[in-house]
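**Q** Once you've had a glance at the structure underneath, I'll fire off some questions.
The values are calculated or read from the model by the stated rules, or taken from the named source; none is laboratory data. This one's a predicted model, so the numbers in the text were calculated from it and none came from an experiment. In this analysis, Cβ positions are derived from the backbone assuming ideal geometry, glycine residues included, and neighbour counts consider all displayed protein chains.
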Amino acid sequence: MKRVLIFTDLEGTAGISSFPNHAALDAKYLDRFRRLATAEVNAAIEGLVAVGVEDILVVDGHGPEGLWYEDLIEPAKFLHGRPLVPWKMLDSLLDEYEACAIIGQHAMAGVRSSNMNHTQDPYGIDHIKLNGKPIGEIAQFALYRGAKGMPLFFLSGEEDACREAESLISGVQTVAVKKGLGGGSAISLTITEARRRIRQGMEQAVHLHRNQPVKPLVWPGPYVLEKRFFHTIDADTLANQIGAERVDGQTVRFRGENIREVIYR
């Protein structure tokens, strides 16, 4: 394995515990915590390089300015900015990678002990279900990439996110850098220990994946995706999309045979 895609988020980073103070676009201390998140990404890059991975693409999954570009280390490249180009254009590039990892991940919406738990939009989306099963951002990402044969072999972040990944993917290696106590509080490792564990965990994950490859996450279709919002006005907007079914005041449903055409509706 020589080419790895790293998808990032912010809320699963050690030291982060608050949307308004740390993670929102207008957060008081956003720049400080972007640098902490980038340092954890760099630890993962160091682990990959140590075991011979040559091509590393880092994707800013938190949104605009989720990482601190100036601190990112070689040999990584950085995919960033919003709005993104259409998925079909991105996929021609991203599907060339052999495997993927996630750094800085949080758990899905509704996990009681999870710090900053949410799925996509913490202020707008109550929950998402696929074929009747609640899913979060981990399943969305792993299923989308898995459709083209790319396995998710490593994840770091909050403890509940690690358990979520392990429940989805047999053999995935995880590193927890903080433990949630509730939506607004957590116990974090020190920055030194968090980065050490990520670096070592990534090295081990690559070795294990080379010897016993993690399988891509694939669920059989057809697919029914339900997205439930907190507010009817958000459901009003989504219900105007082609193929949308209005289930009730707050819920919109999509159906399809291709997971990539459904999972991020």
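**Q** Which condition breaks for residue 125 when tested against (1) touching a residue at least 60 places away in the same chain (Cβ under 8 Å); (2) of a type in the set (A, V, I, L, M, F, W, C); (3) surrounded by 24 or more Cβ atoms within 10 Å (Cβ to Cβ)?
**A** Against the list (1) touching a residue at least 60 places away in the same chain (Cβ under 8 Å); (2) of a type in the set (A, V, I, L, M, F, W, C); (3) surrounded by 24 or more Cβ atoms within 10 Å (Cβ to Cβ), residue 125 comes up short only on (3).
Residues checked against (1) of a type in the set (A, V, I, L, M, F, W, C); (2) under 26 Å from residue 207 (Cα atoms); (3) touching a residue at least 12 places away in the same chain (Cβ under 8 Å); (4) outside the structural domain of residue 13 (by TED's automatic domain parsing):
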{"position": "28", "(1), (2), (3), (4)": "no, no, no, no"}
{"position": "31", "(1), (2), (3), (4)": "no, no, yes, no"}
{"position": "44", "(1), (2), (3), (4)": "yes, yes, yes, no"}
{"position": "52", "(1), (2), (3), (4)": "no, yes, yes, no"}
{"position": "56", "(1), (2), (3), (4)": "yes, yes, yes, no"}
{"position": "68", "(1), (2), (3), (4)": "yes, no, yes, no"}
{"position": "71", "(1), (2), (3), (4)": "no, no, yes, no"}
{"position": "74", "(1), (2), (3), (4)": "no, yes, no, no"}
{"position": "77", "(1), (2), (3), (4)": "no, yes, yes, no"}
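**Q** Within segment 167-188, track down each residue that is surrounded by 14 or more Cβ atoms within 10 Å (Cβ to Cβ), modelled with pLDDT of 95 or more and farther than 13 Å from residue 105 by Cα. Outline the logic, then answer.
**A** Kept after step one, since they are surrounded by 14 or more Cβ atoms within 10 Å (Cβ to Cβ), are these residues of segment 167-188: 168-169, 171-180, 183, 186, 188.
In the following step, the residues that additionally are modelled with pLDDT of 95 or more were identified as 168-169, 171-180, 186, 188.
Result: 168, 169, 171, 172, 173, 186, 188.
**Q** Within segment 160-178, is even one residue farther than 25 Å from residue 212 by Cα, within 12 Å of the chain's Cα centre (by Cα) and not polar (S, T, N, Q)?
**A** no
**Q** Output yes when any residue across segment 188-210 is part of a strand (DSSP E or B) and either of a type outside the set (A, V, I, L, M, F, W, C) or touching a residue at least 40 places away in the same chain (Cβ under 8 Å) (or both), and no when none is.
**A** yes
**Q** Of all residues being of a type in the set (Gly, Ala, Ser) and in contact with a strand residue (DSSP E or B) (Cβ under 6 Å, 6 or more places away or on another chain) in segment 45-95, which is farthest from residue 8 (Cα to Cα)? Just the residue, please.
**A** Taking the candidates together, the pick is 76.
**Q** I've got another one for you. Could you look through segment 31-67, keep only residues that are touching a helix residue (DSSP H, G or I) at 6+ places or on another chain (Cβ under 7 Å) and surrounded by fewer than 18 Cβ atoms within 10 Å (Cβ to Cβ), and pick out the one that is farthest from residue 155 (Cα to Cα)?
**A** Out of the qualifying residues, it is 65.
**Q** Could you run through segment 33-89 and say how many residues are of a type outside the set (D, E, K, R) and modelled with pLDDT of 90 or more?
**A** Number of matching residues: 29.
**Q** Here's another thing I want to ask about it. Name the residues in segment 19-65 that are part of a loop (DSSP other than H, G, I, E, B) and small (Gly, Ala, Ser), would you?
**A** 24, 27, 52, 61, 63
**Q** Please work out which one of (1) touching a helix residue (DSSP H, G or I) at 6+ places or on another chain (Cβ under 6 Å); (2) closer than 22 Å to residue 143 by Cα is the condition residue 224 fails and give its number.
**A** (1)
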